[in-house]
Amino acid sequence: MTKAGTDAVPFDALAVGSEIQRRVGAKTSRDEPLARFTTMRVGGPADLFVTAHNRMELRALVRFARTRGLPHVLLGRGSDVVISDRGVRGLVIQDRAEGSRIDGDRYVAEAGVPMARAATETQKAGLSGLEFGLAIPGTVGGAVWANAGAHESDIATILESADVLLADGTEARLPAAELALAYRDSRLKHPGDGAAEIVLAATFRLLAASADEIKARLDDIRRWRQAHQPLGLPSAGSFFRNPTGDSAGRLIDEAGLKGLRLGGAVVSEKHANFIVNDGKGSAADVRRLGDRVRDEVERRHGVRLEHEVIFVGDWSGWPWPEADGRTP
């Protein structure tokens, strides 16, 4: 997920949508509800919404927004984000660029490829290293951006390079060593004063292994997730980053917060670092509950948890009065 241009010129959704359709050839929609495009199933409308179906469209749409100074947000599978009930001002570009191929011991994937698909495609090819991707609900682009990880592995261990749209609009293939990959972090998260750098594709270097053995590891990961994570309910994934040498889930659990509810948002009984939506929750419910959990953990343990989720859209004036409900 990448956002940019928040101080841009006033946004005319009708005019911008018409120009996108004329210049890029991509269909747009105005006031598009975003909840269905997120794993948390919350969020208000985008002023303007467009889907990039391939790398060329993604590049063209980002360049279009940048050259016109338009506020824009890049959205993958909508995991790891909580979109405001007020929605998102400007343009939301949904990344569905999903080309992929096997090249010897390398797997090359466009940014919109789901990580779970990457795990199964490489398994069938007899390539090991991406098994943990089965537990990542997002896309390749988002995984590189955040150095996503699970099951004692992460992107940094297998990434060879990333094709990136740089701040100046040019493209470059950057070696993994130049991305400053760290725990749930990379240089891509820190654009500074310039435009954000956008992942267009990534190349992973993997190891040859028995497809059956890899499949067995994937099955183990599936079973573990079913036993330990609330897979049947909407969530954004892990809500807080793990503090150094500790676990956010353990701290929340030991604070006695499993099952804590605010509105339609609930701290999962299965995994304390998941906030789930019972189907009636709002983004405000989710964020308010997260704030309550963070404050209580700090009070009990003296540790201030950091969010792993990203709050997207119009959150101005937060915290909102509870009486304001879904539409502050």
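Quick notes on this structure:
- Tensor-based shape of segment 113-244 (alpha-carbon gyration tensor, a/c under 1.5 rounded, otherwise prolate or oblate): oblate
- Label point distance in nm, Arg30-Arg106, each placed 7 Å from Cα along Cα→Cβ: 4.5 nm
- All other residues whose Cβ lies under 11 angstrom from that of Arg205 are scored, Lys and Arg at +1 and Asp and Glu at -1, for a net of -2.
- Among Asp47, Asp220, Asp85, the residue with the largest mean-square fluctuation in a Gaussian network model of the chain, with springs joining Cα atoms closer than 10 Å, is Asp220.
- Portion, in percent, of the accessible area of the chain that falls on carbon or sulfur, probe 1.4 Å: 48 percent
- Efficiency of FRET between Asn54 and Arg299 - r from beta-carbon atoms, R0 45 angstrom, step 0.05: 0.35
- In Å², nearest 10: area of Met56 left accessible to a 1.4 Å probe: 130 Å²
- Reciprocal of mean inverse Cα separation for segment 181-328 (Kirkwood radius, Å): 17.8 Å
- Take the Cβ atoms of Asp291 and Ala167, set R0 to 30 Å, and the FRET efficiency comes out at 0.35.
- Beta bridges from DSSP with both residues in the chain: antiparallel share about 75 percent, rounded to the nearest 5.
- Shape class of segment 170-267 from the alpha-carbon gyration tensor: oblate, with a/c at 1.5 or above and b/c at least as large as a/b.
- Rounded accessible area per residue of segment 56-196, 1.4 Å, Å²: 36 Å²
- Rounded, prolate or oblate (a/c below 1.5 giving rounded, otherwise prolate when a/b exceeds b/c) for segment 43-178 by Cα gyration tensor: prolate
- Top of Ala156, Ala211, Ala15 by mean-square fluctuation, Gaussian network on the chain, Cα under 10 Å: Ala15
- Between Lys280 and Arg222, residue separation times 0.36 nm minus the direct Cα-Cα distance comes to 18.1 nm.
- Rough spin-label spacing in nm, given labels placed 7 Å along Cα→Cβ, for Asp12 and His190: 4.0 nm
- Residue among Ala97, Leu134, Gly302 farthest towards the positive dipole end of the chain, charges placed on Cβ: Ala97
- Kirkwood analysis of the Cα pair distances in the chain returns a hydrodynamic radius of 20.4 Å.
- Summing charges over all other residues whose Cβ lies under 12 Å from the Cβ of Lys215, with Lys and Arg as +1 and Asp and Glu as -1, gives -2.
- Estimated purely from DSSP H runs of n ≥ 4, each contributing -39500 (n - 2.57), the mean residue ellipticity at 222 nm for the chain is -8000 deg cm²/dmol once divided by its residues.
- About its Cα centre, segment 209-315 has a charge dipole of approximately 180 debye under the convention of +1 per Lys or Arg Cβ and -1 per Asp or Glu Cβ, with nothing else charged.
- A 1.4 Å probe run over the protein chains yields, for segment 261-322, 45 Å² of accessible area per residue, whole-number rounding.
- Free of any GluC sites (Glu not before Pro) that DSSP assigns to a loop and that have at most 14 other C-beta atoms within 10 Å, the longest stretch within the chain is 1-151.
- Magnitude of the charge dipole, the chain, Cβ model with Lys/Arg +1 and Asp/Glu -1, debye to 20: 560 debye
- Distance-filtered residues of segment 106-126 - backbone nitrogen under 20 Å, label point 7 angstrom along Lys215 Cα→Cβ: 116-126
The values are calculated or read from the model by the stated rules, or taken from the named source; none is laboratory data. Please read all numbers here as calculations on a predicted model, not as lab measurements. With ideal geometry, Cβ positions are generated from the backbone for all residues, glycine too; neighbour counts draw on all protein chains shown. These accessible areas exclude ligands, DNA and RNA; they are computed on the full protein's heavy atoms, side chains included. Shrake-Rupley method; radii C 1.70, N 1.55, O 1.52, S 1.80 Å.
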